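Colleague: Take a look at the following structure, please.
The values are calculated or read from the model by the stated rules, or taken from the named source; none is laboratory data. For clarity, every value in this text was computed on a predicted model and none was experimentally measured. In this analysis, Cβ positions are derived from the backbone assuming ideal geometry, glycine residues included, and neighbour counts consider all displayed protein chains. Side chains are part of the model used for accessible areas, which takes the heavy atoms of the whole protein and leaves out ligands, DNA and RNA. Shrake-Rupley method; radii C 1.70, N 1.55, O 1.52, S 1.80 Å.
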Amino acid sequence: MVTATFVLGILIQILAFISLPFLCGGILQKIRAYSQGRRGAPVLQIFYDTIRMIKKSPIDGPFSGFFSESSAIFAFAFGLVLWSLVSFEWASLLLIPFLIGMIRFATVAYAVENGTSFGGMGAARETLLFIFGEPVLILVLVVLESNVVFHENFANISFAILFFLGATLIVLSELAKPPFDDPRTHLELTMVHEAMLLEASGRTRAFFELAHQFKTASLFLLLTKLGLEHVEVFLGVSSVPIWKELASFGGAILLSALIGYWESNSTRRKWIWIPELLGLNFIFMLILGILLKLGK
């Protein structure tokens with residue numbers, strides 16, 4: 001019975017590994033459309049678009065070079081490694097900032113080599129979010145790698161909620177969601193991720209989009225595992241492989257819906273305000289982490 005349960009847990013994990021990158025982005029877009037009074041595209045529209053774009057050859061500019069041809073493949077490869085790391089935990093989770101940084105480096109290199117003003121602006125904003133958000137992400141991962149457990153009392157549950165909110169803010173900055181960016185505007189001048197990929201087409205665009213979906217699913221699953229493995233209420237669930245995988249899958253889907261709703265009902269802040277927000281979040285998470293360690 002134990003063997004059968006373990007095998008079933010592995011099968012659920014593999015199914016989640018294949019489907020979550022498309023489901024997270026699709027559900028996020030669907031909830032955003034419903035919140036705005038629209039029907040929206042099908043949940044698997046990202047999958048359909050990816051298949052359609054992979055069949056098309058990219059159109060590169062006359063001054064394109066090494067990064068224009070290879071950056072999309074690098075971003076896709078590092079995104080796949082990132083997604084496999086978060087899904088199967090085959091190595092230390094502290095590798096996550098490095099892998100996210102490599103995806104960002106590939107994307108920024110593509111945008112800068114093409115030399116467009118939109119791409120340069122998007123690259124500058126992407127780098128700014130990375131510089132201020134990465135220290136907080138490392139703090140969150142240190143907690144994931146430690147044995148900190150939020151027990152079932154008011155003080156610990158309050159700390160857990162605050163810690164989860166701080167981690168969610170970093171996920172929003174990594175994915176360029178409000179208040180850091182506003183994808184609802186559909187204006188390249190106000191976007192981060194899309195501004196860097198204006199010159200991408202065909203297979204190049206498909207690989208970049210796949211890398212973005214891998215990163216999105218990885219961060220949603222990471223937040224889910226943060227709650228399952230460090231909050232005492234959920235420790236019983238996370239101790240059984242099949243229930244842990246089902247809860248992780250459901251938690252990632254739920255986070256997709258919640259962030260989709262947040263995205264459709266919030267607005268972007270001015271960029272001069274973004275460094276202050278991320279800096280304050282770093283100080284907040286650092287103090288909270290010290291209090292958690294002292295109270296352990």
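Colleague: Please name all residue pairs, on different chains or six or more residues apart, with Cβ atoms under 9 Å, provided the first residue is in the range 36-49 and is surrounded by 14 or more Cβ atoms within 10 Å (Cβ to Cβ) and the second residue is β-branched (V, I, T) and in a helix (DSSP H, G or I).
Modeller: G40/I31; V43/I27
Colleague: May I ask you to say which residue of G120, G133 is buried (at least 19 other Cβ atoms within 10 Å of the Cβ) and not polar (S, T, N, Q)? Walk me through how you get there before you give the answer.
Modeller: Numbers: G120 fails: buried (at least 19 other Cβ atoms within 10 Å of the Cβ).
Exactly one of G120, G133 is buried (at least 19 other Cβ atoms within 10 Å of the Cβ) and not polar (S, T, N, Q), namely G133.
Colleague: Specify which of the listed residues (V86, V140, V112) is assigned to a helix (DSSP H, G or I) and surrounded by fewer than 19 Cβ atoms within 10 Å (Cβ to Cβ). If you could, list the steps in order and put the result at the bottom.
Modeller: Working: V86 fails: surrounded by fewer than 19 Cβ atoms within 10 Å (Cβ to Cβ); V140 fails: surrounded by fewer than 19 Cβ atoms within 10 Å (Cβ to Cβ).
Of V86, V140, V112, the one residue that is assigned to a helix (DSSP H, G or I) and surrounded by fewer than 19 Cβ atoms within 10 Å (Cβ to Cβ) is V112.
Colleague: Inside the range 50-81, can you point out the residues that are in contact with a helix residue (DSSP H, G or I) (Cβ under 7 Å, 6 or more places away or on another chain), open to solvent by less than 50 Å² (accessible area, probe 1.4 Å) and either modelled with pLDDT of 85 or more or outside any loop (DSSP other than H, G, I, E, B) (or both)?
Modeller: Passing the criteria: T50, M53, P58, S68, S71, A72, A75, G79.
Quick grid of which residues meet (1) touching a Leu at 6+ places or on another chain (Cβ under 9 Å); (2) more than 18 Å from L20 (Cα to Cα):
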residue: S201; (1), (2): no, yes
residue: K215; (1), (2): yes, no
residue: L221; (1), (2): yes, no
residue: G260; (1), (2): yes, no
residue: R269; (1), (2): yes, yes
residue: M285; (1), (2): yes, yes
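Colleague: Between a first residue in the range 251-266 that is under 18 Å from E229 (Cα atoms) and free of Cβ contacts under 8 Å to residues at least 60 places away in the same chain and a second residue that is buried (at least 19 other Cβ atoms within 10 Å of the Cβ) and charged (D, E, K, R), which pairs have beta carbons less than 9 Å apart while being 6 or more apart in sequence or on different chains?
Modeller: Close Cβ pairs (under 9 Å, with a partner that is buried (at least 19 other Cβ atoms within 10 Å of the Cβ) and charged (D, E, K, R)) amount to G251/K225.
Colleague: Can you find, within the range 241-267, the residue that is nearest to M191 (Cα to Cα) among those that are of a type in the set (V, I, T), open to solvent by less than 50 Å² (accessible area, probe 1.4 Å) and out of contact with any Gly (no Cβ under 6 Å at 6 or more places or on another chain)?
Modeller: Start the filter on the range 241-267 by keeping residues that are of a type in the set (V, I, T), which leaves 242, 253, 259, 267.
Next, only the ones that are open to solvent by less than 50 Å² (accessible area, probe 1.4 Å) stay: 242, 253, 259.
After this cut, where a residue has to be out of contact with any Gly (no Cβ under 6 Å at 6 or more places or on another chain) as well, the list is 253, 259.
On the way: I253: 25, I259: 18 Å.
Ranking the qualifying residues of the range 241-267, first place goes to I259.
Colleague: Of the residues that sit in the range 143-154 and are open to solvent by less than 70 Å² (accessible area, probe 1.4 Å) and touching a residue at least 60 places away in the same chain (Cβ under 8 Å), which one is nearest to F284 (Cα to Cα)? Talk me through it step by step, then tell me what you get.
Modeller: Kept after step one, since they are open to solvent by less than 70 Å² (accessible area, probe 1.4 Å), are these residues of the range 143-154: 143-144, 146, 148-150, 153.
Next cut, touching a residue at least 60 places away in the same chain (Cβ under 8 Å) only: 143-144, 148-150.
Numbers: V143: 15, L144: 17, V148: 18, V149: 19, F150: 18 Å.
Checked the range 143-154; the qualifying residue nearest to F284 (Cα to Cα) is V143.
Colleague: Answer with yes or no whether L8 is surrounded by 13 or more Cβ atoms within 10 Å (Cβ to Cβ), more than 24 Å from the chain's Cα centre (by Cα) and not in a loop (DSSP other than H, G, I, E, B). Give the derivation first.
Modeller: Numbers: surrounded by 13 or more Cβ atoms within 10 Å (Cβ to Cβ): yes; more than 24 Å from the chain's Cα centre (by Cα): yes; not in a loop (DSSP other than H, G, I, E, B): yes.
Answer is yes for this residue.
Colleague: Then there's this: Take the conditions touching a Lys or Arg at 6+ places or on another chain (Cβ under 6 Å) and modelled with pLDDT of 80 or more and apply them to S218. Does it pass?
Modeller: Numbers: touching a Lys or Arg at 6+ places or on another chain (Cβ under 6 Å): no; modelled with pLDDT of 80 or more: yes.
No.
Colleague: For the range 162-174, check the following and say yes or no: at least one residue is over 21 Å from S256 (Cβ atoms) and assigned to a helix (DSSP H, G or I).
Modeller: Initial filter on the range 162-174 (over 21 Å from S256 (Cβ atoms)): 162.
Subset that is assigned to a helix (DSSP H, G or I): 162.
Yes, the range 162-174 has at least one match.
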